[in-house]
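The values are calculated or read from the model by the stated rules, or taken from the named source; none is laboratory data. Note that the structure is a prediction, hence the values are computed from the model and not measured. Note that we place each Cβ from the backbone using ideal geometry, even for glycine, and neighbour counts take in every protein chain shown. What goes into the accessible areas is simple: the full protein's heavy atoms, side chains included, and nothing from ligands, DNA or RNA. Shrake-Rupley method; radii C 1.70, N 1.55, O 1.52, S 1.80 Å.
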Amino acid sequence: MRDKEMTTPDVRIEEAGTTGTRPLLEIRDLAITFKTSGGEVQAVRDAHLTIMPGETVAIVGESGSGKSTTALAAIGLLPNNGRVSGGQILLDGEDIAHASEQRMIELRGNTIGMVPQDPMSNLNPVWKIGYQVRETLRANGRPSGPDDIAKVLAEAGLPDAKRRANQYPHEFSGGMRQRALIAIGLSCQPRLLIADEPTSALDVTVQRQILDHLETMTSELGTSVLLITHDLGLAAERADKVVVMYQGRVVEAGPSLELLRNPRHPYTKRLVESAPSLASRRIQAAKEQGVETADLLAPAAEPAAADNVLEIQDLRKVYKLRQGLGKSTDFAAVDGVSFNVQRGTTTAIVGESGSGKSTVAKMVLQLEKPTDGRILFDGVDTSKLKAAELFKFRRRVQPIFQDPYGSLDPMYNIFRTIEEPLRVHKIGNSASREKKVRELLDQVALPQSAMQRYPNELSGGQRQRVAIARALALDPEVIICDEAVSALDVLVQAQVLNLLADLQSNLGLTYLFITHDLAVVRQIADHVCVMEKGRLVETGSTDEVFESPREDYTKALLNAIPGAKLMLPPEVA
Amino acid sequence: MTSNNSHFVAPIDETPLLATDAVKTDQAPLSLWSDAWRKLRRRPLFIISALLILALTVVALFPGLFTSVPPNEGCELANSEGGPTAGHPFGFTFQGCDVYSRVIHGTQASLSVGILSVLCVLVIGVTIGALAGYYGGWLDSVLARLGDIFFALPLILGALVITQLPFFRENKSVWTVVFVISLLAWPQMARITRGAVIEVRNADFVTAAQALGVSKFGALVRHVLPNALAPIIVLATLELGVFIVAEATLSFLGIGLPQSIMSWGNDIAGAQASIRTSPEIMLYPAAALSITVLSFIMLGDAVRDALDPKSRQR
Amino acid sequence: MGGAIVTEGIFNVPGVGNKLYQAVLRSEGPTIVSIVSVLVLVFVVANLLVDLLYAWLDPRIRYDQ
């Protein structure tokens, strides 16, 4: 089977038109084992992929699928407890699966470059950027004068490279650090660049810029790229070929568009169906009807204005930034934001980091005091609530937070976690509370046996479902989701979004959904508010905003969704 | 199988599709503490130190089980610096008292000073550190400066000065020693607590609890403190050893426990007279002191490793 | 710091610690206070040097503020 693959002429080689038909990197039957306290664990089995010179290949998979491990094996940087237990890694015909450390050092930098995942932790904080570039250049025996360093940095798109080279990593923004890492990865003009989730920590617009730049640079240099990502849309947009990994195996591989349009393995099908960046409509049909009825009712109900469960009027939040002794400057995190949230609908606030969207959420939750402006909940100004009334308000408005690892107390088991709101509000006795907890677990599709478990034993998606159950315990009217699905794998994310949508139609909940991910917005929201630097840029119904955005910023955001332009036939699956 | 060129699909039976995000139910539930306990049980360092501490506690509570010779009676100058004889395995002090009996009876004073001081330091330090770290603001500033002042004063040097006050010179007892040690040692505990509390106070689960209607102080007690406990416990274990040494040092200098109380510090001071002729008299109480301190420090290390969040899975 | 008093006291090393030890035995308040003051000063200066060294070695601390 694999032989056939090798002998079948690849269309893309001719397109690329580069030297010869021999693959630059070929991985055959690769198996990787890790030694753990529980014995040997096989992380990767039978992995195979081929990269032609000048080609970009993406490995797509969820966390734990073995995609990063495969790439690390190719550059000989497996963790100490991991080893290649079978198969071959052929780099230009040479098997480097068991190459000596000496040989790998020769290859790294010059032949294989690497752009690691996390720009925050992959630059040494105590050395200047320029020094770190020079280290790479020197190690590979290239000229490393100040001008060479500046040139390398400038090529990666860092403005004012000479001055920047003399700065420390903490003086750089996330995007700039990633550029510096790309500069280091490409500084010695390797023939293969391994980019491990190079932009997953960055805002979408920055992600787009960086990927664009990476693409231009590698095509100029004729570098092959092995791109590792969890985002199928991004992979399809950037790569010639996509390799899908699941549970340590390659389940499907092929030209990207072909694979997207015609996924054959059930896992890939599932992935294509739930990839948020590719979906064009709201996720479930039942909800669709709900929207229609709401639309029909809307004109009649609007004059009454009772429909608005939340009214936010000219909200402002100013923080004092300390600047040395006694001095401070004002920083408006939220500046004159007004919008309404209709009962039973989902309103999304979209923005990049620093746009003030989370601050709005905190103020609506009464966890921060607004500097100015009003928040009306059911027509009542929330800033004027007395302690007892605030306590009652808390029953009606509940949050779900972003980080599924941080939002549950690690000391509390699942039962105590979900029971806590009931206990705090003195609802029922212990028997009735336990019954309620069981019901809630059913609602979020968790087995009742999970009650005695602790958060560290659950996966991210499961924790998020526990957080949803906790939020539902008090039968609230409004739920505020602050990046509630951002940290989850695609399939799990789709599952949680579906759950949220089901709960909305069953319980008539209102959601205020804070997110940076426009793709998610399209799936869940009725109305969108786009925020930039503390200001509200654009509001409207989801369809309006997505189909005819008025503001440039909104357009830029929409364009930056990876894979947005890959139009797929509607009946993909 | 690959009909279309280079479009590879793995056979489905090789990687059957699992249910998305299924809950594992094959293991017993594990809380942080039971997880730490499981890890501790397997560490030889912990087992050895725990056994030693257990033995020391038994000795401190029931010294009569280990020696029938009363420590201060039957001291005969005729036995001064005498070597080991039957019933007196460690020999005699300069004053002719039984060394073995004195070492056994000294355990109680050393341990009780250590434990009482740690308890006082925990109460003061944790309260102040938690309030300062959690509420911040002026309270934090005032407490931080106050802590800095005490911090600049090494424990023993500070104690030297304080014990010169007439009140302390006239009322030497276990309690004055505990008071002096606690007074000088709480800032470190407060500092560690403050750091741990600051780390936890911004966690989402604390915000979530407040959004549920838990009061600010309630969230501190219910969520923040239990999660900040690990470094506090580690420091308390380590400080227990440090305080026992401090007590011995002060007693050695004659400003700690009064002569009437049997303690290793007093024994070491007494043995100084015979340091040149029979140094082994000093060796026994010093060895007892070293073993005690070592076992508490080993315990602290083992507990630190077990509670280290980095070593926790997932 | 505390260790010096004990070791110098026991082994009769002619140092500041021994002086302090003798003063404690004789309850000479002023001598104790003055020696302790000098030692605390040394301690504080050493701590300050360590802090400065940290700032010198770690640019993140230097650029804060």
Open item on the list: Looking at the calculated P(r) for chain A, what percent of the C-alpha pair distances fall above 30 Å?
Closed with: 58
- [ ] Measure nothing fancy, just the Cα-based angle from helix A:430-443's long axis to the longest principal axis of chain A, in degrees from 0 to 90, nearest 10.
- [x] 50
- [ ] Calculate how steeply helix A:129-139 sits against the longest principal axis of the alpha-carbon atoms of chain A, using the helix alpha-carbon long axis, and give the answer as 0 to 90 degrees to the nearest 10.
- [x] 30
TODO: Could you please state, rounded to a whole Å, how far the C-alpha centre of region C:1-42 is from the C-alpha centre of region B:148-225?
DONE: 28
TODO: Pairs to check: A:128/A:362; A:362/A:426; A:269/A:362; A:357/B:216. Give those whose C-alpha atoms are more than 31 Å from each other in this structure.
DONE: A:128/A:362; A:269/A:362
Task: Charge dipole of region A:49-133 about the Cα centre (unit charges at C-beta), most positive-ward option of A:91, A:56, A:119 - done: A:119
- [ ] Enter the accessible area of residue B:58 (Å², nearest 10), with the probe set to 1.4 Å and all protein chains included.
- [x] 60
Task: Test item: B:215-221 mean partner chain Cβ contacts at 10 Å - done: 1
Open item on the list: Return the Rg/Rh ratio of region A:408-453 with Cα-based radii and a Kirkwood Rh.
Closed with: 0.95
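Give the carbon-plus-sulfur fraction of the accessible surface of the protein assembly as shown in %, rounded to a whole number; probe 1.4 Å, heavy atoms of protein chains only.
Details: 24540 of 42960 Å².
Carbon and sulfur atoms account for 57 percent of the accessible area of the protein assembly as shown.
How much accessible area per residue does the protein assembly as shown have, in Å², with a 1.4 Å probe? Could you put the intermediate results ahead of the total?
Working: 42960 Å² over 952 residues.
Result: 45 Å² of accessible area for each residue.
Interface A/B, total buried accessible area with a 1.4 Å probe, nearest 100 Å²? List each step's numbers first, then the result.
Numbers: alone 26630 and 18030 Å², together 39790 Å².
For A against B, buried area totals roughly 4900 Å².
When you count, for each residue, the other Cβ atoms within 10 Å and take the mean per peptide, how do A:474-481, B:107-114, A:518-525, A:442-449 rank with the highest first?
On the way: A:474-481: 21.0, B:107-114: 23.1, A:518-525: 24.6, A:442-449: 15.8.
Output ranking for A:474-481, B:107-114, A:518-525, A:442-449: A:518-525, B:107-114, A:474-481, A:442-449.
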Open item on the list: Within 12 Å, Cβ to Cβ, of residue B:132, how many net charges do the neighbouring residues add up to if Lys/Arg are +1 and Asp/Glu are -1?
Closed with: +3
Task: Residue-by-residue Karplus 3J(HN,Hα) for region B:119-131, coefficients 6.51, -1.76, 1.60, Hz, glycine and proline x - done: 4, 4, 4, 4, 4, 5, x, 5, 4, 5, x, 5, 4
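Would you tally the net charge around residue A:420, using a Cβ to Cβ cut-off of less than 9 Å, leaving residue A:420 out, and scoring K and R as +1, D and E as -1?
+2
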Task: Whole-Å distance, taken between Cα centres, linking region A:57-126 and region A:466-523 - done: 37
Open item on the list: Under 19 Å from a point placed 7 Å out from the Cα of residue B:38 along the Cα-to-Cβ direction: which residues of region A:406-426 have their backbone N that close?
Closed with: A:410-415
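How big is the charge dipole of region A:113-245 about its Cα centre, in debye rounded to the nearest 20, if each Lys and Arg gets +1 on its Cβ and each Asp and Glu gets -1 on its Cβ?
Working: 14 positive and 16 negative charges, 100 e Å.
It comes to approximately 480 debye.
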Task: Farthest positive-ward along the protein assembly as shown dipole, Cα basis, beta-carbon charges - from A:451, B:92, A:496 - done: B:92
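Taking the Cα centre of the protein assembly as shown as origin and charging only Cβ (+1 Lys, Arg; -1 Asp, Glu), how large is the dipole, in debye to the nearest 20? Show your work: numbers first, answer last.
Numbers: 90 positive and 100 negative charges, 410 e Å.
So the dipole magnitude of the protein assembly as shown works out to roughly 1960 debye.
Over all directions, the average projected area of the alpha-carbon convex hull for region A:388-488 comes to how many nm²? Before the final figure, lay out the partial values.
Details: hull surface 24.5 nm².
Hull-based average projected area comes out at 6.1 nm².
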Open item on the list: Between helix A:285-301 and chain A, what is the angle of the helix's C-alpha long axis to the longest principal axis, kept within 0 to 90° and rounded to the nearest 10?
Closed with: 40
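Net charge within 13 Å of residue A:553 by Cβ-Cβ distance, Lys/Arg positive one each and Asp/Glu negative one each, not counting residue A:553 itself? Walk me through the numbers on the way to the answer.
Numbers: positive: A:533, A:535, A:550, A:555; negative: A:203, A:352, A:532, A:538, A:551, A:552.
That works out to -2.
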Task: Mean Cβ count within 10 Å, highest first, over the residues of peptides A:546-554, A:406-414 - done: A:406-414, A:546-554
Open item on the list: Through the Karplus equation 6.51 cos²θ - 1.76 cosθ + 1.60, θ set to phi - 60°, convert the phi angles of region A:379-386 into ³J(HN,Hα) values in whole Hz; use x for Gly and Pro.
Closed with: x, 10, 5, 6, 6, 9, 5, 7
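Which percent, to the nearest 5, of DSSP beta bridges fully inside the protein assembly as shown are antiparallel?
On the way: 54 of 91 bridges.
Counting DSSP beta bridges with both partners in the protein assembly as shown, the antiparallel share is about 60 percent.
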- [ ] Round to a whole angstrom and tell me the spacing of the C-alpha centers of region A:430-463 and region A:350-404.
- [x] 27
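Would you kindly give the portion of the calculated P(r) for region A:146-194 that falls above 11 Å, as a percent of all Cα pairs?
So the pairs more than 11 Å apart make up 65 percent of the total in region A:146-194.
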Open item on the list: Using only the alpha-carbon atoms, what does region A:416-538 span along each of its principal axes? Please give whole angstrom values in decreasing order.
Closed with: 49, 28, 26
Open item on the list: Threshold 50 Å², probe 1.4 Å: give the residues of region A:248-262, in number order, that are less accessible with all protein chains present than with their chain alone.
Closed with: A:249
- [ ] Pull up all non-local amide H partners of residue A:317: gap of 5 or more, or a different chain, and H-to-H distance under 5 Å with H placed in the peptide plane.
- [x] A:333, A:334, A:335, A:336, A:371
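For peptide C:38-47, what's the mean number of Cβ atoms from other chains within 10 Å of each residue's Cβ? Mind showing how you got there, number by number?
Details: counts 0, 5, 6, 1, 0, 5, 3, 0, 0, 2.
Average neighbour count from other chains, rounded to a whole number: 2.
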- [ ] Within 10 Å, count the other beta carbons around each residue, average over each peptide in A:226-236, B:259-269, and list them highest first.
- [x] A:226-236, B:259-269
- [ ] Report the relative contact order of region A:399-526, percent, no decimals, based on alpha-carbon pairs under 8 angstrom and at least 6 residues apart.
- [x] 32
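Counting only other chains, what is the mean number of Cβ atoms within 10 angstrom of the Cβ of each residue in peptide A:361-372? Before the final figure, lay out the partial values.
Values: counts 0, 2, 0, 0, 4, 2, 4, 0, 0, 0, 0, 0.
Neighbouring Cβ atoms belonging to other protein chains average 1 per residue here.
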